[in-house]
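Laboratory data are not the source of any read-out in this text; all were calculated from the coordinates shown. What you see is a predicted model, and the numbers here were worked out from it, not measured in a lab. Positions of Cβ are backbone-derived with ideal geometry, glycine not excepted, and every protein chain shown enters the neighbour counts.
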Amino acid sequence: MQHESILVLDFGGQYNQLIARRVRECSVYAEVHPYTMTIADIEKMAPKGIILTGGPNSVYGDSALDYDKRLFELGIPVLGICYGAQLMAYAMGGTVESADSGSEYGHTDVEIKPGSKLLSGVPEKTVAWMSHSDHIEKAPAGSSITATTSKCPVAAFEDPSKKLFATQFHPEVLHTVEGKKILRTFVMDICGCKGDWVMDSFIDTTIEQIREKVGNGRALCALSGGVDSSVAAVMMSKAIGRQLTCVFVDHGLLRKDEGDEVAAVFGPDGPYDVEFVRVDARQRFYDKLAGVTEPEKKRKIIGEEFIRVFEEEAKKIGKVDYLVQGTIYPDVIESGLGDSATIKSHHNVGGLPDYVDFKEIIEPLRMLFKDEVRESGRKLGIPEKFVRRQPFPGPGLAIRIIGEVTADKVKIVQEADAIFREEVDKAGVENLGQYFAALTNMRSVGVMGDYRTYDYAIVLRAVMTADFMTAEAAQLPWDVIEKVTSRIVNEVDHVNRVLYDCTGKPPATIEFE
Ligand code: XMP
């Protein structure tokens with residue numbers, strides 16, 4: 001079934017992912033493609049509308065991009081944003097002036113002219129987000145100017161007869177007060193989308209497509225137990241059942257009981273019909289990590305060993321036709337100019353196992369945002385515990401243990417972490433981006449009963465974060481910290497102190513390594 005869709009043509013701007021996100025919020029499917037997409041391919045995709053993104057280039061001069069002007073003559077509604085607006089103006093005979101006087105950055109007062117189709121319902125005076133140096137000086141003949149600012153004579157223009165619309169400001173950015181409304185008007189009223197994108201139909205269509213593509217072939221999936229690879233694996237299993245083999249490598253650096261939890265869902269007693277291989281590689285990893293204290297070195301060793309283990313398993317399976325990756329939408333469009341991101345390795349520990357001889361990569365989640373991946377996981381019946389998993393790094397607990405990693409230390413951090421997570425969940429603390437226990441390499445004197453102890457300090461870390469690039473330490477309720485502390489020192493051997501990490505990122509990182 002073909003969904004109604006909006007094509008986002010990417011000119012390399014920083015907010016492209018947001019545009020797709022906003023369109024999706026109208027329950028309409030959006031695809032981001034590089035601006036170099038051919039007219040023939042656009043016609044084949046038959047989008048209901050096209051949005052041209054912002055971008056760092058100028059429409060003229062050395063940095064001008066080579067695009068196809070027929071884009072504006074397809075009869076498909078086009079919305080140009082920022083650079084996209086300038087491009088539309090320029091292509092249709094308007095003029096664009098360079099930097100100097102017209103540049104605007106940040107919140108900008110905008111005056112809306114009456115009668116605009118795109119800006120209908122937007123108050124006469126509003127605030128929008130601007131980020132441009134060039135500006136449109138003259139709108140193309142036949143179009144009308146629909147908004148201005150003190151510096152921009154043409155902050156928006158449109159030519160409804162040609163189905164062309166443009167804004168110099170960024171409606172996709174939340175700082176643009178009426179931005180969501182403007183994009184909704186474009187997608188629903190101007191392009192005529194119905195907004196019928198729902199997860200159920202996405203799942204059904206994807207499963208059908210996978211089935212068709214794989215035919216009688218074999219697929220291999222590296223399962224980490226994280227949300228993305230779990231959802232991808234379940235979708236594949238619904239499509240091709242036992243033609244899929246999931247390989248789950250237990251490197252001995254997983255959270256408490258995690259290996260068994262993954263096996264319970266994907267193993268022979270679980271609800272899914274897949275070949276499941278659980279590799280107990282714990283000792284191998286501990287051996288390799290013996291004596292290693294430097295964090296980057298630990299990461300490298302784990303990445304390499306992971307590949308080696310996976311390679312051995314893949315060889316046992318024999319020829320596979322498809323490798324399944326849990327790549328999600330933000331991974332795909334992170335890189336500029338819409339070039340698909342390079343393949344995401346198994347939770348980026350090491351890189352793609354290039355020895356696995358396969359025809360093609362299947363990425364069933366490449367059109368989904370993280371929250372949509374979770375939602376489809378729920379629809380597929382994956383246990384809530386998996387669906388709600390917080391991020392867990394590929395190198396696992398090795399980067400939550402300062403100094404040398406040993407089986408004993410892993411055990412300490414696993415126990416403490418399980419207690420911390422259990423109590424936080426029980427207390428219903430909300431809005432935490434990530435929370436876990438880590439093991440400092442510090443030992444200090446304590447007293448237990450009549451005995452003097454000389455044991456480790458556990459550190460608790462809980463952060464709030466929007467994007468994991470920056471983070472703040474969370475203000476956990478004191479009674480939660482108190483309870484966790486008491487339980488950890490009482491229940492976990494070799495721990496006599498519990499510390500709370502109050503540091504944000506920067507200057508610290510989220511992980512504790
Ligand atoms: P940091 O510690 O750099 O972490 O502030 C930011 C986010 O990235 C996660 N992280 C990783 N995820 N492989 C992963 O898949 C890794 O090697 C890795 N290192 C850090 C971390 O858990 C946090 O969510």
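Determine the distance separating the Cα centre of segment 47-76 from the Cα centre of segment 361-396; give it in Å without decimals. If you average the Cα positions of each part, the centres end up 34 Å apart. Past 28 Å, Cα to Cα, is the threshold; run Lys370/Lys409; Lys125/Lys163; Lys48/Lys113; Lys297/Lys409; Lys238/Lys298; Lys297/Lys385 against it and keep the listed order. Violating the 28 Å Cα-Cα cut-off are Lys370/Lys409; Lys238/Lys298; Lys297/Lys385.
Overall form of segment 76-154: oblate. Here a/c, set by the Cα gyration tensor axes a ≥ b ≥ c, is 1.5 or more, and a/b is not larger than b/c. With neighbour counts taken as other beta-carbon atoms within 10 Å, the residues Thr149, Thr509 rank, fewest first, as Thr509, Thr149. Across segment 114-247, the relative contact order, built from alpha-carbon pairs under 8 Å that are at least six residues apart, equals 18 percent. Please list, by residue number, every one of the chymotrypsin sites (Phe, Trp or Tyr not before Pro) in segment 398-464 that is coil in DSSP and has at most 14 other beta-carbon atoms within 10 Å. Those that pass, being in a loop and sparsely packed, number zero. If only the Cβ of Lys and Arg carry +1 and only the Cβ of Asp and Glu carry -1, the dipole of the chain around its Cα centre is close to 380 debye. Could you tell me whether segment 5-190 comes out rounded, prolate or oblate from its Cα gyration tensor? Rule is a ≥ b ≥ c as square roots of the eigenvalues, rounded for a/c under 1.5, then prolate if a/b exceeds b/c, otherwise oblate. Rounded shape, in that the Cα axes give a/c under 1.5. Dividing the mean sequence gap of close Cα pairs (under 8 Å, 6+ apart) by how many residues the chain holds gives a relative contact order of 11 percent. Of all DSSP bridge pairs formed entirely within the chain, close to 45 percent run antiparallel. Taking the Cα centre of segment 400-500 as reference, the dipole from Cβ charges on Lys and Arg (+1) and Asp and Glu (-1) amounts to some 240 debye. Is the C-alpha gyration tensor of segment 400-500 telling us rounded, prolate or oblate? Criteria: a/c under 1.5 is rounded; beyond that, a/b larger than b/c is prolate, otherwise oblate. The shape class here is prolate. Taking every DSSP beta bridge that has both ends in segment 400-500, the antiparallel portion is near 70%. Fewest neighbouring Cβ atoms within 10 Å first, the residues Tyr105, Tyr90 line up as Tyr105, Tyr90. In this Cβ point-charge picture (+1 for Lys and Arg, -1 for Asp and Glu), segment 199-387 has a dipole of about 320 debye about its Cα centre. Straight Cα distances below 13 angstrom link Lys181 to the aspartates and glutamates Glu25, Glu172, Asp189, with same-chain residues fewer than 8 positions distant left out.
Taking the alpha-carbon distance from Lys319 and a cut-off under 13 Å, which aspartates and glutamates remain once sequence neighbours fewer than 8 residues away in the same chain are dropped? Correct list for Lys319: Glu311, Asp357, Glu360. Going from the fewest other Cβ atoms within 10 Å to the most, the residues Trp197, Trp478 appear in the order Trp478, Trp197.
Separation of segment 401-471 from segment 181-196 is 48 Å, based on Cα centroids.
Counting DSSP beta bridges in segment 5-190, what percent are antiparallel, to the nearest 5? Looking only at bridges with both residues in segment 5-190, the antiparallel portion is about 55 percent.
At q = 0.06, 0.09, 0.11 Å⁻¹, what log₁₀ I(q)/I(0) does the chain have when each alpha carbon counts as one equal point scatterer in the Debye sum? Treating every Cα as an identical point scatterer, log10 I(q)/I(0) equals -0.36, -0.76, -1.01.
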